Every structure is written in C-alpha cells, then in structure tokens.
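The values are calculated or read from the model by the stated rules, or taken from the named source; none is laboratory data. Just so it is clear, the model here is predicted, and its values are computed rather than measured. So basically every Cβ, Gly included, is an ideal-geometry build from the backbone, and we count neighbours across all protein chains shown.
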Amino acid sequence: MKKWLAGLFGFLVVALAVAQILAREKTSAGGGSHEALFWEKAEGGKVKCLLCPRLCVLPEGQFGVCRARKNVGGVLKSMVYGQVVSANVDPIEKKPFYHVLPGTKAFSIATTGCNLRCLFCQNWQISQVFPHDLSSTPMTPDAVVGAAVKSGSRSIAFTYNEPVIFYEYMLDVAQLARKQGLKTVVVSSGYINPEPLRKLLKHIDAFKVDFKGYDEEFYLQVVGGTLDPVLESMKVIRQEGVWLEVVNLMVPGKNDSEKQIRELVRWVRRNLGDETPLQFSRFYPIYKLQNLPPTPEETLLKARQMARQEGLKYVYTGNIADREGATTYAPKSGEAVIERQGYFVTANRLNKGVTPGGERIPGIWE
C-alpha cells in the first residue's frame, strides 16, 4: 500500500510540472494547418484521403469524417498538427500496456477528432469535435519531446482520441523521440490503411489496438466502422515486428457473447500468436450508451478463463479489482512475475524480461 501511495504522489508532482511546461508552450510553440500525407487529387478540385478505410472524397472547404483533415485550396491539410488538447503524464499501465516498461511514466498527448463514432467513447468531448471547437496548446514535435524528457517519462503515448487522424504529427514526434532515446506507443482503434500503417510502424515501438468486438454488425451499428480493416491492421503490426497488445471493451448485450469471445480469442491465437497480451475490459455507462449497465465482473472473469483455456498465455482483465487478472504469470512455472494494483506496479520480479526461474517473457523491458 505504501508503494502504491508513493507512486500516486509521484505522478501528481509530475503532473503539476507538466502543467507548468504547457503553460509556457502556449506562447512559444506553433501548429495548425499542415499538408497531409496519403491523399490524391480528384475531379473538380476535390481531394481523396487515402489514410484510413473511409477514403473520404472532399470538396473545397470540407472536413473528412475524422473532423481533422480538410480540403484547403485543393490540398488535403491536417488541421490538428501540433494542436494539443490534452497532455498528461500517465502510468504506462493506464494505456494499458502490461508488457512495456512496467512501472514507468508515459507522456501522453491528444488532439481533437476521430475516424470512428463509438457510442461508448470515453473521450467523446475531444474525439467527436472539430479543432475549432476546443482551445488547444500549440506544441511543436520538439516541444513534445522536450516536455516528455523534463517529465521523466520513458515513453511518449499517442492516445485519448484516435492518433491515426493526427498521423503527420505523430510521425514527426516519433522520429524525434527515438533520437532522444524515448519509446513511442500508440493507443488506437487500428482503423488505418496498410500502407500508411507500415510507414508509421518503422518509428513506433509498441501498438495497443482497442478492438471493439468480433462482430461486423457491432462495428457497423455501435462503432461506425467495419471489422476487416482492424483485423488487417493487427496482422500488419505483427508482420512488421512491432510489439502489439489488444484490449477488448466488453459491452453488455452487444459484444460479450461466448461465441464472440471465443472467435476473437481463436483469431488472436491463429493470426497474432499465443504470446499476444489480451485484456478484457469492463464497460461503464457513458456517452450514448448510458442506458446499459456496467459489464458484470463474472463476464470478464469468464472471458479470461476461456482465453486461457484456448491457449493464450497472457490474458488480463481491466477496470475491475481483480488481482489475478492484473498479474503477469510465467506460463511454464505459473510464477507471478509482475503484480499490479490499479495502474501501479507493486512487484516486478523480471530482470530484463527474464523471470527468476529463467523463463523469458515477451515484451519491451528496457
């Protein structure tokens, strides 16, 4: 308990320091309209965005579905480049990453916008608005990296809203971060086309996909997208050798059937491998699904049990108090090697990814 409280106090101190850094950046950094990557000209002055599966064709002055990319004079522009609406220092476990630098801080940034329309979005206040709807702090990529270093973070996380829609900014920050010895992690729905994804992955260390549910109808009706592009993205991430973790938010009566869970688990094992960390996370009523109850804890516990029975080695539960579901176990010995309470690590028995018994646990440990 003392270790957990000490960790919490440390993060509060760092958060205050970050707030002071951002206050200074408001007057010193720049951002805004920036020519986009992955687009082509179309007839009549229109432009076609090639970044994500929506392939928006935009007349002059129109934003894409993401509310972040716009046709400006026949050129596709990112209107959120360098416009940070949220910057915090978080435990890496909050993303959540469980096999990436456990117990360390992640400097986390977001802009506005998203290319999906999840009815259960936890950050709808920033993801479902245009850049001019909210005040933002202009931060150059250099400023982001500098703030991350000053905060004592080991990584920069692109998170909160959908990082895909601030692609150019993320790419520039990631390249600078690597030069400074910082890791970069992406928290995304994975709704992006393969070509831009492959280009991005060359500069990213870890990718967490918020997988919505193994059901096409659920994606269409509740998420506002389609399933196959997300499955393809996860396969591309694995092919490119970037560390991947998957989280499935379980919405009662929508994507939590035994059939959907088992199909997802089998797909992960078959296509991503049995060492891919998978977390089943609890839904709480929010945004446009406030009529639903929270996910029963038994549903999460059962899903974890099913995934382990199907052969996945690292299966977790999230958003509930479940010590076992928050612990990393060595598959062969069954030894608890990383223990967590909430977002904080209370015990870490790994040495550069190796257990006291000599088992190697996959992940990014240094």
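Scan region 216-229 and tell me whether some residue there is touching a helix residue (DSSP H, G or I) at 6+ places or on another chain (Cβ under 6 Å), touching a residue at least 60 places away in the same chain (Cβ under 8 Å) and assigned by TED's automatic domain parsing to the domain that holds L264. Yes, because at least one residue in region 216-229 is touching a helix residue (DSSP H, G or I) at 6+ places or on another chain (Cβ under 6 Å), touching a residue at least 60 places away in the same chain (Cβ under 8 Å) and assigned by TED's automatic domain parsing to the domain that holds L264. Got at least one residue in region 79-96 being farther than 30 Å from N319 by Cα, among the charged types (D, E, K, R) and either touching a Lys or Arg at 6+ places or on another chain (Cβ under 9 Å) or touching a residue at least 24 places away in the same chain (Cβ under 8 Å) (or both)? No, region 79-96 has no match at all. From the list G82, G45, G32, G61, the lone residue that is in contact with a Phe, Trp or Tyr (Cβ under 7 Å, 6 or more places away or on another chain) and at pLDDT 95 or above is G82.
Of all residues in region 351-362, those that are within 10 Å of A330 (Cα to Cα) and free of Cβ contacts under 8 Å to residues at least 12 places away in the same chain have Cβ atoms under 9 Å from Cβ atoms of residues that are surrounded by 14 or more Cβ atoms within 10 Å (Cβ to Cβ) and not charged (D, E, K, R), 6 or more apart or on another chain, in V354/I361; V354/W365; R360/G353; R360/V354. Taken as a whole, the structure places R282 among residues that are touching a strand residue (DSSP E or B) at 6+ places or on another chain (Cβ under 8 Å), surrounded by 14 or more Cβ atoms within 10 Å (Cβ to Cβ), in the same structural domain as W243 (by TED's automatic domain parsing) and without any contact (Cβ under 8 Å) to a residue 40 or more places away in the chain.
Residue pairs whose Cβ atoms lie under 8 Å apart, separated by 6 or more positions or on different chains, with the first residue in region 308-323 and free of Cβ contacts under 8 Å to residues at least 40 places away in the same chain and the second surrounded by fewer than 21 Cβ atoms within 10 Å (Cβ to Cβ) and assigned to a strand (DSSP E or B), are T317/S281; T317/R282; N319/S281; N319/R282; I320/R282; R323/E339; R323/Q341.
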